[in-house]
Each structure stands twice: as structure tokens, then as C-alpha cells.
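Participant: I'd like to ask some things about the structure below.
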Amino acid sequence: MAHCREIYYKTNGERVFYAIGFRNDNGGWELRNSRFKISTSPKTITTLGSGNDSVAVFEGFIDYLSYLSMPREYQPHTDAIVLNSVSNLPKALSGIIAHRTILTYLDNDEAGRRTTAHIREAAAMSTVIDRAELYGKFNHVGHRIIDQI
């Protein structure tokens, strides 16, 4: 896949591990395998695309990849910003609110709702659409996709 790489790494000079890697804007990686999820430094956001009037905002890269597997009618042509953690919102906020339309695909939990509310408050001149209804009772957009398989 164009967005991910297979990454091999060592911890404390021990045996070699591998994971799916998703690169952020500053050259760090979000790493996932069957046993854990970790990040390398520097930890920051990932921006994809440029120049669209709208942006889709995701908490993590698995959510973004799940979104890409959704039927086309649920994928408007947008830029995308993957926060790689809701704690990275301050790093992304100026890029998010620069768009006329903001679609949030954040988790159906307190942190996701709080982050969407913060975006809505900061983006007074934009239309903010919470897309969490697409995955209903599920916490992540990815959980909805898995349930449909």
C-alpha cells in the first residue's frame, strides 16, 4: 500500500521486530503489529493532499486506512490530516481550520467528542461535520468496516 511500509527495528540491541509503519510529517513513524502499537520520534501529525476546500480528520492511521476502504460515496474528495493522537490537535489546528469544510472521523469516545468540539469551536468560519455516525455503535471507523466483513 502506498501509505505504509514494512519497518524492521531492534530494541536495546535485542532481536529484530517488524511492524506496519506509517510516516508522519517530520519523519517519525507510527508502528503497529499484532502485539503492540508504538511511535518513533518525532511524534507529530501526517498531512495528505493539498489545495482542497475540505479536509477529513482522523485520530490514527488505521482509521484513515479503514476510511479508504469505505464505499466511494462516503469518501468525498478531501485533504486528510491524521493526528496520530488527539494530543497532537494543537499541531494540526491551523491546517484544519484553513479548510472551508471539515469532516471529523474521530473515535466514538469522550476524547473523540472533545476533540471534535474543540475543532468546531476553533473553526467558526468553517462547516464542521462529525462523521462518527457512519460507524454508529463502534468506537472507530475501522471497527465498522471489520463488522461488515
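Participant: Quick check on my filter: what residues within region 107-119 are open to solvent by less than 30 Å² (accessible area, probe 1.4 Å) and modelled with pLDDT of 95 or more?
Facilitator: Thr115, Thr116, Ile119, listed by residue number.
Participant: Would you be able to tell me the number of residues in region 42-80 that are among the charged types (D, E, K, R), at pLDDT 90 or above and open to solvent by 60 Å² or more (accessible area, probe 1.4 Å)?
Facilitator: Residues meeting the conditions: 2.
Participant: What are the pairs with Cβ atoms under 6 angstrom where one residue, in region 106-118, is more than 16 Å from Ile62 (Cβ to Cβ) and of a type in the set (Ser, Thr, Tyr) and the other, located anywhere, is part of a helix (DSSP H, G or I) and open to solvent by 30 Å² or more (accessible area, probe 1.4 Å)? Sequence gap at least six, or different chains.
Facilitator: Sorted first by the residue in region 106-118, then by its partner, the pairs are Thr115/Val86.
Participant: With the requirement that a residue be open to solvent by less than 70 Å² (accessible area, probe 1.4 Å) and either charged (D, E, K, R) or not in a strand (DSSP E or B) (or both), what does region 1-12 give you?
Facilitator: His3, Cys4, Thr11 - these are the residues of region 1-12 that are open to solvent by less than 70 Å² (accessible area, probe 1.4 Å) and either charged (D, E, K, R) or not in a strand (DSSP E or B) (or both).
Participant: Here's a follow-up. For residues that are among the β-branched types (Val, Ile, Thr) and under 14 Å from the mean Cα position of the chain (by Cα), scanning just region 81-101, find the one that is surrounded by the fewest Cβ atoms within 10 Å (Cβ to Cβ).
Facilitator: Filtering region 81-101 for residues that are among the β-branched types (Val, Ile, Thr) and under 14 Å from the mean Cα position of the chain (by Cα), the one surrounded by the fewest Cβ atoms within 10 Å (Cβ to Cβ) comes out as Val86.
Participant: May I pose another question? Assess whether Ala122 counts as being out of contact with any His (no Cβ under 6 Å at 6 or more places or on another chain) and either at pLDDT 95 or above or under 19 Å from Ile45 (Cβ atoms) (or both).
Facilitator: Against the criterion (out of contact with any His (no Cβ under 6 Å at 6 or more places or on another chain) and either at pLDDT 95 or above or under 19 Å from Ile45 (Cβ atoms) (or both)), Ala122 qualifies.
Participant: Quick check on my filter: what residues within region 13-25 are open to solvent by 70 Å² or more (accessible area, probe 1.4 Å), aliphatic (A, V, I, L, M) and either over 17 Å from Thr46 (Cα atoms) or in contact with a helix residue (DSSP H, G or I) (Cβ under 8 Å, 6 or more places away or on another chain) (or both)?
Facilitator: The one that is open to solvent by 70 Å² or more (accessible area, probe 1.4 Å), aliphatic (A, V, I, L, M) and either over 17 Å from Thr46 (Cα atoms) or in contact with a helix residue (DSSP H, G or I) (Cβ under 8 Å, 6 or more places away or on another chain) (or both): Val16.
Participant: Being within 14 Å of the chain's Cα centre (by Cα) and of a type in the set (Phe, Trp, Tyr) is the filter; apply it to region 1-34 and report the residue that is farthest from Leu48 (Cα to Cα).
Facilitator: The selected residue is Trp29.
Participant: Next question, about the same structure. Among residues belonging to region 13-25 that are assigned to a strand (DSSP E or B) and in contact with an Asp or Glu (Cβ under 9 Å, 6 or more places away or on another chain), point out the one that is modelled with the lowest pLDDT.
Facilitator: In this case the residue turns out to be Tyr18.
The values are calculated or read from the model by the stated rules, or taken from the named source; none is laboratory data. What you see is a predicted model, and the numbers here were worked out from it, not measured in a lab. Quick reminder, even Gly has a Cβ in these numbers, built from the backbone with ideal geometry, and neighbours come from all protein chains shown. Just so you know, the surface numbers come from the protein's heavy atoms only, side chains and all, with ligands and any DNA or RNA stripped out. Shrake-Rupley method; radii C 1.70, N 1.55, O 1.52, S 1.80 Å.
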